[in-house]
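For reference, the structure discussed in these notes is given below.
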Amino acid sequence: MDKYKVRNNVRKLRFHNNELTQEQLAEKVGVTRQTIIAIEGEKYAPSLELAFKIALVFGVPLQDVFSYELEGDEK
Amino acid sequence: MSYQEKNITVSLVSHLLIGVYYLSQLFQMQQAGGLVAAKVFSLWAIVIVAAIIVNIIGSILTNILLSIVHAIKTRSDQEERFIEDERDQLIGLKGSKVSYIAFSIGVLIAMLTFAFGQPPLVMFSLLILSSILAEIIGDISQLYLYRKGF
């Protein structure tokens, strides 16, 4: 079976939202900055609730922030 | 290094110290002519109580020290966010699982030594040693997961 991975545009969305810092985003969604770093680096796939919270902060649908793609595929 | 990592490091250091103390006491007992039941059981009690107290005091001191360092760094009385989020909880659970597996292997080895004719005191000594080692392995695995990203 092909291996899929959760990918995200958090870094890009932060940049387009007045260059929101990782710390500010972490505070808004109630996690630590280290967790935001791990999500951005695609080392940690957040829970569905946290994913929705992040999408809510940016005011975009969930699929604009996170996607489920084949591992190895370029974004 | 995050707040959780610092807390785990303190826990790791305290477990290492307790482990070194335990092994040195056992070694001294062996040098003095072998394991004595009364001494082994009092050592058990000391190690268990020490592990609990040192962990609690270590955790409180870490909190206080980190708050002081944060206040000095930021020059404000605003409290630092020492929160435990979903990733911390997942890493904690994985660490506990690793600890549990390590302890289970330790218990099995301790039982096997008894089954193969070693005195019961050796088995009891190995039980406590395996619990200390399991905590150390659990702490190291958590630190590894934090360093790796998850």
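The values are calculated or read from the model by the stated rules, or taken from the named source; none is laboratory data. In this text the structure is predicted, and so the values were computed from the model without any measurement. In this analysis, Cβ positions are derived from the backbone assuming ideal geometry, glycine residues included, and neighbour counts consider all displayed protein chains. Keep in mind that these areas ignore ligands, DNA and RNA; they rest on the heavy atoms of the full protein, side chains included. Shrake-Rupley method; radii C 1.70, N 1.55, O 1.52, S 1.80 Å.
Quick check: the distance between the Cα centres of the range B:73-142 and the range B:1-68, to the nearest angstrom? That distance is 12 Å. Selection among B:Gly138, B:Leu16, B:Phe27 by position relative to the dipole of chain B gives B:Phe27 as farthest towards the positive end (Cβ unit charges, Cα centre).
Sequence-ordered 3J(HN,Hα) estimates for the range A:22-34 from the Karplus curve with 6.51, -1.76 and 1.60 and θ = phi - 60° stand at 4, 5, 5, 5, 4, 5, 5, 9, x, 10, 8, 4, 4 Hz, glycine and proline given as x. Note on chain B: GNM, Cα springs under 10 Å; of B:Val107, B:Val36, B:Val54, the largest mean-square fluctuation is that of B:Val36. The calculated 222 nm mean residue ellipticity attributable to helices in chain B amounts to -30500 deg cm²/dmol, summing -39500 (n - 2.57) over DSSP H runs of n ≥ 4 and dividing by all residues. Accessible area per residue was computed with a 1.4 Å probe on protein heavy atoms; B:Phe103 scores about 80 Å². Rolled with a 1.4 Å probe across the full set of protein chains, the surface gives B:Ile18 an accessible area near 20 Å².
Applying 1/(1 + (r/R0)^6) with R0 = 22 Å to the Cβ-Cβ distance of B:Trp44 and B:Ser24 gives a FRET efficiency near 0.90. What FRET efficiency comes out for the pair A:Leu62/B:Lys148, r = Cβ-Cβ distance, R0 = 30 Å, nearest 0.05? It comes out at approximately 0.70. Amide H contacts under 5 Å for A:Arg7: A:Ser67, A:Tyr68, A:Glu69, restricted to partners 5 or more places along the chain or on a different chain, H placed in the peptide plane at 1.01 Å from N. Computed per residue of chain A from DSSP H runs no shorter than four, each worth -39500 (n - 2.57), the mean residue ellipticity at 222 nm is -13000 deg cm²/dmol.
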